[in-house]
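Colleague: Sharing a structure, written as structure tokens. Questions coming.
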Amino acid sequence: MKSVFFTGKGGVGKSSLSAAAGWQLAEQGNRVLVTSFDPAHNLGDIFGVQLSHKTTRYQKTSLYLQETDLEKSAQEYLRSSVGILEEVYSYTRAFNMDKYFGILRYSPGVEEYAALVAMEHLFREEQQNFDYIIIDTPPTGLTLRILALPKVTLAWLERLVEIRLKILDKRYTIHNITGKHDGKETKLPYTEEEDTVMRKLREMITRYETVQSFLQSPDNNIALVCNPDILSLKESQRLVTGTKELALPLRTLFVNKVTDENEYAADRVEKEILREIPDMELRRVPLYRQDEPECYIMNIDLTGPLGFAPGRTA
Ligand SMILES: Nc1ncnc2c1ncn2[C@@H]1O[C@H](COP(=O)(O)OP(=O)(O)O)[C@@H](O)[C@H]1O
Ligand SMILES: [Mg+2]
């Protein structure tokens, strides 16, 4: 399975290019899923169909479409987090999380974690069903935070494992001092295997490592969509810096909406970005007049520059 994230400033053409690339890959005989992570979905509008959280087949093709419901993912994420807390700390009644459930939704970071959970689910559940997964991303800031999350979370988890090991070690010492258990008190586990907290931490590490290795794999491409203007260039540069810091692969640059008049600006945008990442594949997409046929963008080959050999891959 190969994946492509279409990133860039709002309005540059991420959804249009995601839709067109997905359509073309499906036409070449691939099983393709195009999924939108942008809360302001318009994938359904592009294809003229009603979409939801559920994967929907587009007509009788091998193209499948989905609009990820981040609100729903956030609820699922919070519910599972509360579930884990209750399971892990079942010997205390200190947590009455239900009381806080409503306001937890507004905690900073919930949106990002919800997107991460949805992404993890996507990679885990759908990878055997599709040759390509195309992801239409939300605004740049949120996208970068989502892409950074596996790495950030892994750093925290490693620290938590260290702390937990110390706790278990102390418990072991105390256990040895107090001698045999009389069976009446609560026995706290002191081995890694018995400890639910440690098991959960290890599970989470495995999950996030899997997502991180997907993101960094040669089969992943973060495609950058830019327009020939300074604002979209500035935002693209933030993505270039962010993805470099995260060691994530920006492989393709689409300069969209190019005309005879803005060709000079297109040259400049390309030069600036290629200076940072010289080996990026480059594709210009012309600006179409709104009175041209509806499927204008569908007819330009976008799959070549994606850096993956065309044709069926599974
Ligand atoms: N090459 C193009 N020529 C003409 N209009 C375009 C082109 N690419 C995108 N558009 C239009 O620009 C607007 C924004 O595109 P969209 O794909 O929704 O951007 P994003 O998803 O990045 O916000 C839409 O109205 C779309 O039809
Ligand atoms: Mg969009």
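Colleague: Would you compute, from DSSP H runs of 4+ residues alone, the mean residue ellipticity of the chain at 222 nm, taking -39500 (n - 2.57) per run and dividing by the full residue count, rounded to the nearest 500?
Modeller: -16000 deg cm²/dmol
Colleague: I would also like to ask the following. Looking at the chain, send over the antiparallel percent of its DSSP beta bridges, to the nearest 5.
Modeller: Values: 2 of 33 bridges.
Restricted to the chain, the bridges split so that about 5 percent are antiparallel.
Colleague: I need the shape label for region 2-118. Rule: rounded when a/c is under 1.5, else prolate if a/b > b/c, else oblate, with a, b, c from the alpha carbon gyration tensor. Walk me through the intermediate numbers first.
Modeller: Working: a/c = 3.07, a/b = 2.41, b/c = 1.28.
Taking the square roots of the gyration eigenvalues as a ≥ b ≥ c, region 2-118 is prolate.
Colleague: How much of THR178 can a 1.4 Å solvent probe reach, expressed as accessible area in Å² and rounded to 10?
Modeller: Number for this one is 100 Å².
Colleague: If you don't mind, there's one more thing I want to ask. Longest segment of the chain with no GluC sites (Glu not before Pro) in a DSSP loop having at most 15 other Cβ atoms within 10 Å?
Modeller: That gives 1-184 as the longest site-free run.
Colleague: Per residue of region 25-37, what does 6.51 cos²θ - 1.76 cosθ + 1.60 with θ = phi - 60° give for ³J(HN,Hα)? Whole Hz please, x for Gly and Pro, Karplus curve as stated.
Modeller: Residue by residue, region 25-37 yields 5, 5, 4, 7, x, 8, 8, 10, 10, 9, 10, 9, 9 Hz.
Colleague: Modelled label-to-label distance, GLN28 and VAL82, 7 Å Cα→beta-carbon offset: nm?
Modeller: Here the answer is 4.6 nm between the modelled labels.
Colleague: Going by a ≥ b ≥ c, the root eigenvalues of the Cα gyration tensor, does the chain fall in the rounded group (a/c under 1.5), the prolate group (a/b larger than b/c) or the oblate group?
Modeller: Because a/c hits 1.5 or more and a/b exceeds b/c, the chain counts as prolate.
Colleague: Follow-up. With the crude spin-label approximation of a point 7 Å out along Cα→Cβ, what separation in nm comes out for ARG199 versus TYR106?
Modeller: 3.7 nm
Colleague: Residue by residue, what Karplus-based ³J(HN,Hα) values in Hz, rounded to whole numbers, does region 124-130 have, using 6.51, -1.76 and 1.60 with θ = phi - 60° and x for Gly and Pro?
Modeller: Values per residue, Gly and Pro as x: 6, 7, 9, 4, 7, 8, 10 Hz.
Colleague: Pick from ALA223, ALA115, ALA265 the residue whose mean-square fluctuation is largest in a GNM of the chain, springs joining Cα atoms under 10 Å.
Modeller: ALA265
Colleague: Given a 1.4 Å probe and heavy atoms of the protein chains only, how would you sort TYR100, TYR288, largest accessible area at the top? Intermediate values should be presented prior to the final figure.
Modeller: Details: TYR100 100, TYR288 55 Å².
Of TYR100, TYR288, the descending order of accessible area is TYR100, TYR288.
Colleague: Separate question: Roughly speaking, what is the stretch gain from GLU263 to ILE174, that is 0.36 nm per residue apart minus the C-alpha to C-alpha distance, in nm to one decimal?
Modeller: Numbers: separation 89, 0.36 × 89 = 32.04 nm, distance 7.33 nm.
The span from GLU263 to ILE174 would gain 24.7 nm if fully extended.
Colleague: Still on this model: Mind scanning LYS99/LYS170; LYS14/LYS54; LYS2/LYS257; LYS72/LYS99; LYS2/LYS60 and naming the pairs with a C-alpha gap bigger than 28 Å? Intermediate results must be reported in sequence, preceding the final value.
Modeller: Details: LYS99/LYS170 33 Å; LYS14/LYS54 21 Å; LYS2/LYS257 26 Å; LYS72/LYS99 19 Å; LYS2/LYS60 22 Å.
Result: LYS99/LYS170 exceed 28 Å.
Colleague: Please work out the C-alpha center-to-center distance from region 1-22 to region 111-144 and express it in whole Å.
Modeller: 13 Å
Colleague: Carbon and sulfur atoms: what percent of the 1.4 Å accessible area of the chain do they account for?
Modeller: On the way: 8820 of 16670 Å².
Heavy-atom surface of the chain belonging to carbon and sulfur, 1.4 Å probe: 53 percent.
Colleague: Can you tell me the Rg and Dmax of region 102-251, counting just the alpha carbons, in angstroms?
Modeller: 21.1, 75
Colleague: Then there's this: Ordered by residue, what ³J(HN,Hα) values in Hz, to whole numbers, does region 204-219 give under the Karplus form 6.51 cos²θ - 1.76 cosθ + 1.60, where θ = phi - 60° and Gly and Pro are x?
Modeller: The phi angles translate into 5, 4, 4, 4, 6, 5, 5, 4, 4, 6, 4, 4, 8, 6, x, 8 Hz.
Colleague: If you don't mind, another one. Of ASN262, ASN176, ASN221, which has the largest mean-square fluctuation in a 10 Å C-alpha GNM of the chain?
Modeller: Ranking ASN262, ASN176, ASN221 by mean-square fluctuation puts ASN176 first.
Colleague: Now for a different question. Return the long-range amide H neighbours of TYR58 (sequence gap of 5 or more, or a different chain), with a cut-off of under 5 Å between placed amide H atoms.
Modeller: For TYR58, the qualifying residues are LEU63, TYR64, LEU65.
Colleague: While we're here: Please identify every one of the trypsin sites (Lys or Arg not before Pro) in region 1-107 that sits in a loop by DSSP and has no more than 13 other beta carbons within 10 Å of its own beta carbon.
Modeller: Working: sites: LYS2, LYS9, LYS14, ARG31, LYS54, ARG57, LYS60, LYS72, ARG79, ARG93, LYS99, ARG105; in loops: LYS9, ARG31, LYS54, LYS60, ARG93, ARG105.
Here the trypsin sites (Lys or Arg not before Pro) that fit, given the DSSP loop and packing criteria, are LYS54, LYS60, ARG93.
Colleague: Here is a follow-up. Check which residues have an amide H placed less than 5 Å from THR259's amide H, if you skip close sequence neighbours.
Modeller: Amide H to amide H, under 5 Å and 5 or more residues apart or across chains, THR259 pairs with LEU287.
Colleague: Once you list every other residue whose beta carbon is under 12 Å from the beta carbon of VAL49, what net charge do they have if Lys and Arg are +1 and Asp and Glu are -1? Intermediate values should be presented prior to the final figure.
Modeller: On the way: positive: ARG57; negative: ASP45, GLU67.
Result for the neighbourhood of VAL49: -1.
The values are calculated or read from the model by the stated rules, or taken from the named source; none is laboratory data. All values derive from a computational prediction rather than experimental measurement. Note: ideal-geometry Cβ built from the backbone for every residue, glycine included; neighbour counts use all protein chains shown. Heavy atoms of the whole protein, side chains included, go into the accessibility calculation; ligands, DNA and RNA do not. Shrake-Rupley method; radii C 1.70, N 1.55, O 1.52, S 1.80 Å.
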